1. VAL39: within 23 Å of THR116 (Cα to Cα), buried (at least 17 other Cβ atoms within 10 Å of the Cβ) and touching a strand residue (DSSP E or B) at 6+ places or on another chain (Cβ under 8 Å), yes or no?
2. Identify, by number, the condition in (1) modelled with pLDDT of 95 or more; (2) loosely packed, with under 13 Cβ neighbours inside 10 Å that ALA46 doesn't meet.
3. Among the hydrophobic types (A, V, I, L, M, F, W, C), farther than 28 Å from ALA97 by Cβ, more than 14 Å from the chain's Cα centre (by Cα) and in a loop (DSSP other than H, G, I, E, B) - does that describe any residue in the stretch 6-22?
4. Give me a count of the residues in the stretch 80-94 that are free of Cβ contacts under 8 Å to residues at least 60 places away in the same chain, closer than 15 Å to LYS130 by Cβ and assigned to a strand (DSSP E or B).
5. Under 8 Å between Cβ atoms, which residue pairs at least 6 apart in sequence (or on different chains) link something in the stretch 95-110 that is on the phi > 0 side of the Ramachandran plot with a partner that is of a type in the set (Gly, Ala, Ser)?
6. Determine which member of the set ALA117, ALA123, ALA97, ALA104 is among the small types (Gly, Ala, Ser), closer than 20 Å to GLU59 by Cβ and modelled with pLDDT of 95 or more.
7. Out of the stretch 20-36, which residues are among the hydroxyl-bearing types (Ser, Thr, Tyr) and surrounded by fewer than 19 Cβ atoms within 10 Å (Cβ to Cβ)?
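The values are calculated or read from the model by the stated rules, or taken from the named source; none is laboratory data. Note that the structure is predicted; figures quoted are calculated from it, not measured. Cβ atoms come from the backbone with ideal geometry, glycine included; neighbour counts cover every protein chain shown.
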Amino acid sequence: MYEFHQKVLFKHCDPAGIVFFPRYYEMVNDCVEAFFADVLDWPFEAMHQKGAVPTRAIETEFLAPSRHGDALVLEMRIVALGRTSCAYTLTARCDGAPRFTHRATLVNVTADGRPTAWPTPVAVTLAQWKDLP
């Protein structure tokens, strides 16, 4: 499991002082971007010169509100791997209590938006992470 730590900042909150739900998607993307850089050694700034990994499917369940100052831990797991895509799950927790769960599928595409196979080193590493409990 890959862990990404995110403190809830003022910019994430609505006037009621809780995270405005679209800001969670920014946090998720920050986690995915860090995973690609830290684990796959394929940072977005390098990848986006030749293609991208847009989201094909997404599902999120909001379980409890997060508030300004909360320390979230986003736990990401690769759950499925195809030739051009991968699915992951993510659970965000604060002090061990779940705040939201998330599942998405990413597709590796060329600069013109056509699905393409993962580069071999990326595919090998994704497969290793998929096999982790």
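1. No; evaluated as a whole, the condition is false for this residue.
2. ALA46 satisfies every listed condition except (1).
3. No: the stretch 6-22 contains no residue that is among the hydrophobic types (A, V, I, L, M, F, W, C), farther than 28 Å from ALA97 by Cβ, more than 14 Å from the chain's Cα centre (by Cα) and in a loop (DSSP other than H, G, I, E, B).
4. Number satisfying all stated conditions: 7.
5. Taking only residues 6 or more apart or on different chains, the pairs are ASP95/ALA71.
6. Only one candidate qualifies: ALA104.
7. TYR25
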